[in-house]
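Please treat every number below as a calculation from the coordinates, not as lab data. None of these values were measured; they are calculated from a predicted model.
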Amino acid sequence: MTLSTLTRRAVLLLAAALASVALIAADPTARPAHAAACAGTTGVTVVVDFTAFGGSVDTRCALGDPATGLEALEDAGFVITGTQRWGKAFICRVDGLPLPAAEACVNTPPASAYWSYWHAAPGGTWSYSTSGATSYNPAPGSVEGWAFGSGGQPTVAP
């Protein structure tokens, strides 16, 4: 290899490293998610039940102390779509479900087909949320649950 080839590779590697650092620094509040329940009070465990779509139950950890249920859901790594009318104050899709052909996400979905929101202590029982995900502040060590349908709780214990 020539010196110019080595120099060009070194410059490209440096540029890639700087781009990576810039992406991390762009959102200093972002917390990594873990694909399992949180240990103790290290964060909020988030359970999303995709069984209504033929999938499984996905349990992840939103590390730290998310300020809202919506933040816990997103910090756990789930991709959220709100409605056109209400934004993320009314969650329409989690990880792309339901599909746009089934729900346009313009206004609130029907009572027979929406993401219901639940809270629990680990090993406890699910309690239907009386607050929206943008209003509720889950405590570290607690469990947040989401299930699609007509208001049924997640199919696994908290």
Normalise the Debye intensity by I(0) for segment 33-149, one equal point scatterer per Cα, no solvent, then take log10 at q = 0.16, 0.21 Å⁻¹ and round to two decimals. -0.68, -1.16
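Considering Cα pairs under 8 angstrom that are at least six residues apart, work out the relative contact order of segment 33-149 and quote it in whole percent. All intermediate terms of the calculation are to be shown ahead of the outcome.
Values: 263 pairs, mean separation 36.6, N = 117.
Across segment 33-149, relative contact order equals 31 percent.
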